[in-house]
Amino acid sequence: MKRQNRTKKERTMAGAFGRLLPVMLKATPFLFMASMVLSVLHGVSFGVETMMQQRFFDRAVDAAGGKIGIGQAFLALAFLGIANVACQVLNGVANFLPDVVDGKAGAHLSMAIQRKISRLDPAVFEDTEKLDDINKAEQGKDNAFWYVTDVLTLLTFYIPYFAFMGWYLFSLKPILVSAIVIIFLPTALAQLIRAKAFSHLEDASAPVRREYEYYETCMAGREYFKETRILGSFLYFKRLYQETLVCLQRLKFKATMKSNLFELSMRAITVAGYCTILWMLYDALLKQEVTVGAFAAVFNSIGMLYALMEEIICRHIGEMTANAGSIRNYLNFLAMEERTGQRPDAPGWGDVVLENVSFSYPAGKKDDGTPQPPHYAVKNVSLTLRKGETLAVVGENGSGKSTLIRLIAGLYLPKEGTVRKNGVDTRQLTMDALTCQTSAVFQKFQRYQMTLAENIVISDPGAESGKTRLDSVCAMAGTEPGAFPQSYDTMLSREFEGIDLSGGQWQRVAIARGFFRGHDLIILDEPTAAIDPYEETLIYNRFAEIAREKSAVIVTHRLGSVKLADRILVMKDGEAVQIGTHDELIAQEGEYKRLYEAQEQWYKS
């Protein structure tokens with residue numbers, strides 16, 4: 001129960017402020033504190049200006065009646081002018097500083113998201129709901145800074161101003177203080193309704209927003225536009241984009257209409273209260289309960305009082321309540337459970353032992369909202385990858401090959417069973433310990449818009465990256481730097497005045513990147529799909545040379561290249577159905593022989 005209460009407290013907007021404020025202070029402490037001090041002076045300056053107005057009007061009336069000299073009236077006017085100038089200067093500075101702080105604080109908030117993502121379990125990115133949470137966090141990050149700024153503005157500008165004006169009005173006539181309450185309550189109630197409506201809106205709109213952003217990428221994204229144009233599918237994606245956009249607009253319209261109608265009724269009450277205050281002030285003047293100067297000063301400031309109160313409720317509190325849902329989503333994302341381990345030290349890549357390992361990806365939901373039963377991508381697999389061994393994993397699409405090697409590498413943790421790295425359960429190791437001395441080349445590799453050299457050394461930035469070593473890994477990957485216009489300095493992106501590569505060339509660069517990283521375990525997960533079988537065989541033969549005395553895993557559909565492996569594991573429907581050498585497996589009836597014979601004509605020559 002205590003844990004539930006603490007979680008509920010953290011999700012309140014006050015709790016959000018407490019968590020976000022230290023981030024802002026850390027970003028730029030001096031400017032942040034300076035803006036707060038100036039904000040207090042700014043708020044008080046408006047109240048002082050009102051007092052100076054009363055003083056001037058009273059002195060002007062007394063001077064006109066001959067009670068005082070004209071000089072005293074001019075002196076009061078000078079003080080009023082100084083107060084007005086100070087107020088305007090403070091207003092300009094107070095509005096300028098938050099924009100300066102925004103850039104630095106925004107960078108800190110963005111880094112908090114990236115650090116959090118780096119600590120999440122990689123399996124999270126297979127979960128649709130978690131992807132929605134990340135999308136919500138990105139939206140909430142943009143609102144978090146201005147939420148803290150708005151709260152601090154309330155505390156340092158508006159509260160000092162209204163406290164000063166409350167004391168001033170009370171000193172004139174106590175009942176005039178009711179002006180603040182009459183203006184505040186109806187509008188505040190309207191914003192509470194607005195907060196609830198927009199909080200529900202954020203939860204409902206996140207998955208829809210993610211959809212239309214994806215369709216937008218399909219229409220205009222660099223990776224998609226060629227196929228989209230050639231296949232004539234632009235209009236199809238445009239229709240899907242428009243449908244999701246209309247759906248999102250309907251959600252927004254419904255929430256906005258509900259809150260605005262209620263806000264309109266509350267404003268009518270506020271306007272009635274405003275008129276009542278003016279009548280009370282006029283009545284006090286007729287009864288000589290206030291001076292002419294006080295009447296004129298308060299009459300001039302009552303508009304400011306009403307405008308600032310409306311600004312608080314409709315702008316600042318309105319924005320905070322409208323964005324409350326997205327800000328909570330940002331904080332909830334930062335509080336999401338992380339992938340942790342008790343051992344940050346890497347035990348080294350000895351044997352990797354899988355004991356009755358099963359893994360299922362996050363399941364979707366049925367039409368009634370109940371979870372789908374889990375579908376196991378890997379089921380009850382037991383295996384030992386010996387130190388220094390090269391293991392090939394083969395099987396048809398969907399057989400569980402890629403999931404299995406992610407379990408071996410420690411990217412995924414098993415749902416059932418145990419994976420041990422050199423005798424240590426992977427659940428006990430941090431991600432840094434698991435990925436240390438591990439390299440991999442995946443089928444869906446990244447095409448970094450950087451130079452050829454940077455595309456390679458990014459896998460191990462701290463390692464020695466001289467030309468000799470680059471030449472070595474490029475030779476093993478079949479990449480020829482001399483074929484590039486500026487050799488290793490060639491920019492691999494037309495968007496940055498460089499060149500683009502074919503699919504096969506990109507795959508060789510990705511393989512060179514994997515070879516460059518210092519490793520005791522290297523995984524090749526079908527990285528040669530765009531390379532012809534003959535060239536693939538050459539690359540795998542070079543790979544066999546560098547994999548000596550190191551553990552290696554090869555995942556491929558092409559069985560002609562797996563003969564170099566010490567053992568071959570055959571996967572089918574998530575299960576390990578065969579394991580052995582090529583000669584052992586080809587000599588027996590089974591899945592491996594069936595797959596090999598289906599491809600045999602590729603390798604006869």
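The values are calculated or read from the model by the stated rules, or taken from the named source; none is laboratory data. Just so you know, these numbers come straight off a predicted model, no measurement behind them. Counting neighbours? That spans all protein chains shown, and the Cβs are built from the backbone with ideal geometry, glycine included. Surface accessibility is based on the protein's heavy atoms, side chains included, excluding ligands, DNA and RNA. Shrake-Rupley method; radii C 1.70, N 1.55, O 1.52, S 1.80 Å.
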### Query
Going by a ≥ b ≥ c, the root eigenvalues of the Cα gyration tensor, does the chain fall in the rounded group (a/c under 1.5), the prolate group (a/b larger than b/c) or the oblate group?
prolate
## Note on the structure
In the stretch 394-548 the accessible area split gives carbon plus sulfur, as whole percent at 1.4 Å, a share of 46 percent
### Ordering of 504-514, 535-545 by burial proxy (mean other Cβ atoms within 10 Å per residue, highest first)
504-514, 535-545
### Protection proxy ranking of 387-400, 552-565 - average other beta-carbon atoms within 10 Å, highest first
552-565, 387-400
#### Entry: Percent of Cα-Cα distances greater than 27 Å, calculated over the stretch 40-169
49 percent
### Message
What's the ranking of 583-593, 324-334 by average number of surrounding C-beta atoms within 10 Å, highest first?
### Response
324-334, 583-593
### Task
For the stretch 351-452, give the magnitude of the charge dipole about the Cα centre (Cβ charges: +1 Lys/Arg, -1 Asp/Glu; no others), in debye to the nearest 20.
180 debye
### Summary
Extension length gain for residue 252 and residue 230 (0.36 nm per residue less Cα distance), in nm, is 4.4 nm
### Task
May I ask which residue of 423, 441, 459 lies farthest towards the positive end of the charge dipole of the stretch 377-470, with charges of +1 (Lys, Arg) and -1 (Asp, Glu) on Cβ and the Cα centre as origin?
423
### Relative contact order (percent, whole number), the chain, Cα cutoff 8 Å, 6+ residue spacing
14 percent
### Inter-part distance where the stretch 136-167 and the stretch 400-458 are each reduced to a Cα centre, Å
44 Å
### Query
Kirkwood Rh over Cα pairs of the stretch 202-353 into Stokes-Einstein at 4 °C, 1.567 mPa s: D in µm²/s?
59 µm²/s
#### Entry: Cα-Cα pairs of the stretch 414-483 separated by more than 16 Å (percent)
64 percent
### Assigned charges on the beta-carbon of Lys, Arg, Asp, Glu; the chain dipole about Cα centre (debye)
1580 debye
### Message
Need one number: % antiparallel among DSSP beta bridges in the stretch 451-605, to the nearest 5.
### Response
55 percent
### Query
Along its principal axes, what span do the Cα atoms of the stretch 351-456 show, with the longest given first and each in whole Å?
52, 37, 30
### the chain, helix-only ellipticity at 222 nm - DSSP H runs n ≥ 4, -39,500 (n - 2.57), divided by all residues, nearest 500
-20500 deg cm²/dmol
### Query
Can you give the Rg to Rh ratio of the stretch 225-292, both from alpha-carbon atoms, with Rh computed by the Kirkwood formula?
1.61
### Summary
Evaluated at 4 °C and 1.567 mPa s, the Stokes-Einstein D of the stretch 417-537 based on the Kirkwood radius over Cα pairs, in µm²/s, stands at 84 µm²/s
## Note on the structure
Which residues qualify? For residue 393, with a placed amide H closer than 5 Å and at least 5 residues away or on another chain, they are 554, 555, 556, 569
### Query
Given the stretch 89-136 reduced to its alpha-carbon atoms as identical point scatterers, what log10 I(q)/I(0) does the Debye formula return at q = 0.27 Å⁻¹?
-0.97
### Query
From the phi of every residue in the stretch 458-474, what ³J(HN,Hα) in whole Hz does the Karplus formula 6.51 cos²θ - 1.76 cosθ + 1.60 yield, where θ is phi - 60° and glycine or proline is x?
4, 6, 7, x, x, 7, 5, 10, x, 4, 4, 6, 4, 4, 5, 5, 5
### Query
On alpha-carbon atoms, Rg over Rh for the stretch 40-102 using Kirkwood Rh?
1.20
### Task
Of the DSSP beta bridges with both residues in the chain, give the percent that are antiparallel, rounding to the nearest 5.
50 percent
### Task
Have a look at 277, 541, 240 and report the one farthest towards the positive end of the charge dipole of the chain, computed about the Cα centre with Cβ charges (Lys/Arg +1, Asp/Glu -1).
277
### Query
When the Cα centres of the stretch 483-522 and the stretch 15-77 are compared, how far apart do they sit, in Å?
62 Å
